[in-house]
1. If a residue has to be open to solvent by less than 30 Å² (accessible area, probe 1.4 Å) and part of a loop (DSSP other than H, G, I, E, B) to count, how many in segment 358-379 make the cut?
2. Select, from SER344, SER336, the only residue that is touching an Asp or Glu at 6+ places or on another chain (Cβ under 7 Å) and of a type outside the set (A, V, I, L, M, F, W, C).
3. For segment 95-112, does any single residue satisfy the condition of being at pLDDT 90 or above, open to solvent by 20 Å² or more (accessible area, probe 1.4 Å) and within 27 Å of PRO304 (Cα to Cα)?
4. Among the residues of segment 1-28, write down those that are among the β-branched types (Val, Ile, Thr), open to solvent by less than 40 Å² (accessible area, probe 1.4 Å) and either part of a loop (DSSP other than H, G, I, E, B) or over 17 Å from SER47 (Cα atoms) (or both).
5. With respect to VAL276, is the statement that it is under 30 Å from ILE232 (Cα atoms), in contact with a His (Cβ under 7 Å, 6 or more places away or on another chain), open to solvent by 10 Å² or more (accessible area, probe 1.4 Å) and touching a residue at least 40 places away in the same chain (Cβ under 8 Å) true?
6. Within the group VAL153, VAL87, which residue is part of a strand (DSSP E or B) and either closer than 21 Å to GLY217 by Cβ or open to solvent by 40 Å² or more (accessible area, probe 1.4 Å) (or both)?
Amino acid sequence: MVHSAYDSFELINNSPNKIDAIESYGSNLLISHSDGSLRVYVPESSSTSVQSPPSDITHKGGLLQERYVLERTVNGFSRRQMLAMEVLLSRELLLSLSESIAFHRLPNLETLAVITKAKGANVYSWDDKRGVLAFGRQRRVCIFRHDGGRGFVEVKEFGVPDTVKSMSWCGENICLGIRREYMILNTTNGALSELFPSGRIAAPLVVSLPSGELLLGKDNIGVLVDQNGKLIQDGRVCWSEAPAVVVIQKPYTIGLLPRHVEIRSLRVPYPLIQTVVLRNVRRLVRSNNAVIVALDNSVFGFFPVPLGAQIVQLTASGNFEEALALCKLLPPEDSSLRSAKEQSIHIRYAHFLFENGNYEEAMEHFLASQVEITYVLALYPSIVVPKSSFIPEPQKFVDVGDAPHLSRASSGLSDDLDSTPSHVLESDEMDIESKKMSHNTLMALIKYLQKKRYSVIEKATAEGTEEVVSDAVGDNFISYGTSRSKKPTKGRIHAPVTSIARDMAAILDTALLQALLLTGQSSAATDFLKALNYCDVKICEEFLQKRSQYACLLELYRSNSMHREALKLLHQLVEESKSEQTVEKFKPDMIIEYLKPLCATDPMLVLEFSLPVLESCPPQTIDLFLSGNIPADLVNSYLKQHAPNMQATYLEQMLAMNENSVSGNLQNEMVQIYLSEVLDLYAELNSQQKWDEKTCSPTRKKLLSALESISGYNPEVLLKRLPPDALYEERAILLGKMNQHELALSIYVHKLHVPELALSYCDRVYDSGLEQHSAKSYGNIYLTLLQIYLNPTKTTKNFEKKITNLVSSQSPGIPKVGSGTPAKVKGGRFKKIAEIEGAEDTRFSPSGTDSGRSDGDTEDAAEEGGSTIMLDQVLDLLSKRWDRINGAQALKLLPRDTKLQNLLPFLGPLLRKSSEACRNFSVIKSLRESENLQVKDELYSQRKAVLKITSDSMCSLCNKKIGTSVFAVYPNGKTIVHFVCFRDSQNMKAVGRGSQSRKR
């Protein structure tokens, strides 16, 4: 016996006749005897008080736990043996099954109705809700309905295969026990559905449960089914023997067995609660507050033990599940008692389970008990949690039922994975088992903390929000010291940490992080730290450093906005990963990823810690600066001060990624850096007399490329830094940027001796003129090159002088190509060519060159210089760029003795193009003359139109007759108006247009 659920008490002893049936009505007992009489028994205490009239049987209250005495006897109540009786309280009727089924009025036992068709019935079932009676008679099942008055109306009658032994309503259908099997009878159409056999030993037994389910007997097993006969999972009540009768009184089911009465729980797995030994039991009936057991000549009452006493018994015996189930049955008015008992039982049960190794289940009961987290964490000495002045030390819980207190400590089990006492372990197997158990305890703790966490974090966040709002409207709060960091955290609401909820959140999160890492869940710990958390920084930092959990430590720093500490650690880990073969590799990209969110909030910190990765990952670092919108000037000045060697790299990458994002100052600075490096190289090689103008180091290539491709630098400043006898190509590019084309071309031709570069330079200038729609004037650049080829000595003489003047000048004074005096055409032999090309509109004034010089003057100048002209280069230029050179001007510059045969590659295509253009213009002229004639003809035909003015002709403007007035006709030839109206309308339009223009 687990505990005493019922107290047995003898109510009636030494009845004069054998008892056939028994029922209770309020506190009274109605007993049918074998002699056909019905005796009414009342409690002995009520019989000694003032007696009520014999016919007035009260139904108030329930059975009393005391002796019962006979109040009155109704002789001849039944002619035959009474098979069953049932009190129908809702209708104040007594149903009796004997020779037939009869209904008696309560409390005076007057016979109300007798169902004669029920003669011979052996079993019945009453549906009190609908007032419907079903009974079995031989192989028939009949259904009657109470009409609400004194009579019953037959509803239906069905045939069944055999005699019905037991029956019960299940919804609108009836479950029947017929000999050796169970069936469901559909009361609508009479269809029978077979369920399963009833067993070989005991007769069929159908019992209805308060939930609407059915308990069907199969020998010593009670099978639970739903109203459709479908088996319920785990629905098997195993009796020690086959019961003859089963009654239900929540939360127990009581079975009448041959040698005793068994009381079992209705909770799975339906354990045995109590056994009461009684012999020769004839009837087992449920009362409203007790169970009545009728023997041959005596009656016992099973009175439920108070729930509080049962709970105490169950808790003391360790049957916690049953105790918790009984707590739920406590009445609502005892809610405080119920809550206290449940908490005490949950705590005791949790400790019991924990000590027996059922850690997860133990945590479920700790969770249900709603004890503080610190109470549970006291079971884990390896978990270090922060101290709090707001949360007291965990208190010992005292059982409400005065049961002895259980110790909070576990049964010698260590929760620490790292330090298991050596004297406890006797072998390696014990050590492994202990660690396994310790792992299980921590896994259970993790689940417990995760379930508690949502509500705790929600409260902490809500309190933080309230404080921030209050602070925003002017409230002042006193800030108390705490062990947690007060730096702003990602996703955390910041307010003075003075809250119990936030201190509890810190304890929970700190413990959860340690438990995750102690069980090897590093990735889960990292994800946990990435989200909102209240981990204690000092404790967690020490814990993570001790176990080398650097990824988690980084996330801890990040979540608490300790970015400098995080970046220092990350930089250290990256350096160690380069030098050592570590398991977890940390790459420079991780520093960049960490810095990205900080660009908007702390750009100086980003600059400080981006220097180490700028060398190894230039594109990614520059992209970091760009995506983070850090001002380029700020980045450049920081690099210039702390990492000058990386300044050029930064500017290069900036220019390569987005040229528009680099200002003119930065472009100029980048070119200055390149130039400084090239000048250093020149000084070094020149001192060793190894300098060669063709020397092209990588830096010089960058310098030349930058000078050509970008336009933000100041060429005048750079030109002053160039040595006079070196770096001619750089000088030529700078002069070109200053529009000093003659000097630039002189350098390509006479200093570098690379005519190809000179031609390429001219092509670039001409192409830029095409883009600016001024190619005609920029075409004179080829004439400038032609003049340099024709006057090499003069150009060389004046080169140094012009360069010196240019460098010493603060602003360029040399005009652009194409801004000179009009060129005059001399000599009749060139007149036709000049006319063909339209040279009368051409202006040519190359810088510093007399454009009005004749062929004879050119020849004299060449003779004065005492050197030959570069005729081959001249002819090559004319043959390659004939379509871009003004032919008349070019012929003027050529020497008189130039052979016409050498000019064929130039003049041939030029003349063909001019002739073709002349023909085209002639055709165009003819077409335009023809079009002019056509227009004139159309005009004449339009003027021939005739309009007839009659007496009915009306003005379209004033709607008056035209008459003999002067009129005007619109171009469509149909609209006629007075000339005066037409003039007025035109004047109005003109005035309207004038006012609109003034408004604009």
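The values are calculated or read from the model by the stated rules, or taken from the named source; none is laboratory data. This structure is a prediction, so every number in the text was calculated from the model and none was measured. Methodologically, a virtual Cβ is constructed for each residue, glycine included, from the backbone with ideal geometry; neighbour enumeration extends over all protein chains shown. Only protein heavy atoms, including side chains, enter the accessible area calculation; ligands, DNA and RNA are left aside. Shrake-Rupley method; radii C 1.70, N 1.55, O 1.52, S 1.80 Å.
1. 2
2. Of SER344, SER336, the one residue that is touching an Asp or Glu at 6+ places or on another chain (Cβ under 7 Å) and of a type outside the set (A, V, I, L, M, F, W, C) is SER344.
3. Looking through segment 95-112, none of the residues is at pLDDT 90 or above, open to solvent by 20 Å² or more (accessible area, probe 1.4 Å) and within 27 Å of PRO304 (Cα to Cα).
4. If the condition is that a residue be among the β-branched types (Val, Ile, Thr), open to solvent by less than 40 Å² (accessible area, probe 1.4 Å) and either part of a loop (DSSP other than H, G, I, E, B) or over 17 Å from SER47 (Cα atoms) (or both), then ILE19, ILE22 are the ones that fit.
5. Criteria met by VAL276.
6. VAL153
Rundown of residues vs (1) open to solvent by 80 Å² or more (accessible area, probe 1.4 Å); (2) within 27 Å of ALA566 (Cα to Cα); (3) at pLDDT 90 or above, yes/no style:
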| residue | (1), (2), (3) |
| --- | --- |
| GLU433 | yes, no, no |
| ALA460 | no, yes, no |
| SER470 | no, no, no |
| LEU508 | no, yes, yes |
| ALA515 | no, yes, yes |
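Rundown of residues vs (1) surrounded by fewer than 16 Cβ atoms within 10 Å (Cβ to Cβ); (2) modelled with pLDDT of 85 or more, yes/no style:
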residue	(1), (2)
VAL291	no, yes
PHE303	no, yes
VAL312	no, yes
LEU324	no, no
GLU333	yes, no
ARG338	no, no
TYR349	no, yes
